[in-house]
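Notes to accompany the following structure.
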Amino acid sequence: MKNWLFLLCLSPALATPGAAQTHNRQVEIHNLDSVSIYYVYATNAGVQGWGKDWLGEDVIIEDEVMRFDFDDGSGACKFDIKVQYADDAEAELYEVDVCSVSHIDARRGTMVVADD
């Protein structure tokens, strides 16, 4: 009888798809360059193309930090991320686990996961 009650209590949690897969996908990008970042592209790792510009009308000026929520509804945690500067220089970072990484430092030509 106890096993039956346990399963009955547990079943609503099991029936909720994705409940156990909720992750924080918020990542801060810090522009450590003197040139503003005009575009931030991010897409699921391994997907061809860069997809949409996550910055929209915003820019990330020198020494500014901007937070992004890379939850695209796919449930993916691994993203490829590219920033493009006002002078068209770029920096790319591949296979970023946005479910565990919270901060990225960006300079023209390089991006690195920063310690928290």
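Coordinate-derived values only; no laboratory data. Predicted model only: the values in this text are computed from it and were never measured. All Cβ positions, even for glycine, are placed from backbone atoms using ideal geometry, and neighbour counts span all protein chains on display.
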Q) With Cβ to Cβ distances under 9 Å as the rule, what net charge do the other residues near E90 carry (K, R +1; D, E -1)? A) 0
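Taking 0.36 nm per residue of separation and subtracting the Cα-Cα distance, what length does fully extending D71 through W50 add?
Fully extending the segment from D71 to W50 adds 6.0 nm.
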Q: Using a cut-off of 10 Å between beta-carbons, work out the net charge of the residues near D80 (Lys and Arg +1, Asp and Glu -1, D80 not included).
A: 0
Q. Which of F70, C99, A42 sits closest to the plus end of the dipole of segment 31-113, meaning its Cα is farthest towards the positive end, when Lys and Arg get +1 and Asp and Glu get -1 on the C-beta?
A. C99
Q: Can you tell me how much longer the chain between E92 and V113 gets when fully stretched, taken as 0.36 nm per residue apart minus their C-alpha distance, in nm with one decimal?
A: 6.4 nm
Q: Could you work out how far apart the two model spin labels at E28 and K78 are, taking each label as a point 7 Å from the Cα in the direction of the beta carbon, and quote it in nm?
A: 2.7 nm
